[in-house]
1. Please enumerate the residues belonging to region 98-121 that are under 13 Å from the mean Cα position of the chain (by Cα) and of a type in the set (Asp, Glu).
2. In region 91-119, which residues are without any contact (Cβ under 8 Å) to a residue 24 or more places away in the chain and open to solvent by 40 Å² or more (accessible area, probe 1.4 Å)?
3. Residue by residue through region 160-179, note down the ones that are open to solvent by 20 Å² or more (accessible area, probe 1.4 Å) and within 14 Å of Met205 (Cβ to Cβ).
4. Does region 85-107 hold any residues that are among the hydroxyl-bearing types (Ser, Thr, Tyr) and within 24 Å of Asp135 (Cβ to Cβ), and which are they?
5. Pairs under 6 Å by beta carbon, first residue more than 14 Å from Thr105 (Cβ to Cβ) in region 127-141, partner of a type outside the set (Lys, Arg) and at pLDDT below 95, six or more apart or different chains?
Amino acid sequence: VKLAKRKIDELDRMKAEALADLKDKMSGKLRTIKSNVSSFAKDTIKKFGKVGAAGALMIGGLAVKSGLSESIDMEGYKTQLVTAVKDTEKAGKLMSDAVKFANKTPFETGQVVEATAKMEMYGMSSQKWLTDIADMAGATNKDINQATEAMVDASVGEWERLKEFGIRKDQVMAESAKKYGEDVVFNAKGQMMDQAKAMDVLQDMMQSKYK
């Protein structure tokens, strides 16, 4: 009985030491996080002057959360790109180009990368379409992903959402007839006969209207 009691006491001591060690390690990490957030808060206060310390700390917390969330989203978009183009190296290049493009525009990086992933997923070359779609979104004060989804719809003959951006199907049909002749791109019933030509006409219209 005495031996068993000693063993229990020894286990309790080891458990207490382990918990204390873990607590010290966690405290160190928490102090580092707190220091980083506090530094961010001070910078925020300097920049915005009237923002109180509590507000700055809240902004710091949101920035940490937002950064983590965007990092997770980026991994998801990269996976989409790899799946779409079946080439890891090409996917990495597309993602890099999207980030560089976002840095030159008012759009958030995550939005541009997501739009790029959507285009590639639905068989639209982001290298061909990204700039024009961004111009269309910017000119109409809409989200770049709204513009991307409208273009994806148009590529399969669904034109309704493009109306939100000031382009109607009948306009595309008229321009197609001028460029290629009647019943080449669209038939008399308005059915799209040649997707590639229809999208080329649409791109010409977008560049003329929004560039």
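The values are calculated or read from the model by the stated rules, or taken from the named source; none is laboratory data. For clarity, every value in this text was computed on a predicted model and none was experimentally measured. Don't worry about glycine lacking a Cβ; one is built from the backbone with ideal geometry, like all the others, and counts go over all protein chains shown. Heads up: the accessible areas ignore ligands, DNA and RNA and are worked out on the full protein's heavy atoms, side chains in. Shrake-Rupley method; radii C 1.70, N 1.55, O 1.52, S 1.80 Å.
1. Glu108, Glu114
2. Lys93, Ser96, Val99, Lys100, Asn103, Lys104, Glu108
3. So in region 160-179, the residues open to solvent by 20 Å² or more (accessible area, probe 1.4 Å) come out as 160-161, 163-164, 166, 168-171, 173-175, 177-179.
Within region 160-179, Lys163, Gly166, Arg168, Lys169, Asp170, Gln171, Met173, Ala174, Glu175, Ala177, Lys178, Lys179 qualify.
4. Kept after step one, since they are among the hydroxyl-bearing types (Ser, Thr, Tyr), are these residues of region 85-107: 88, 96, 105.
Those that are among the hydroxyl-bearing types (Ser, Thr, Tyr) and within 24 Å of Asp135 (Cβ to Cβ): Ser96, Thr105.
5. Trp129/Met119
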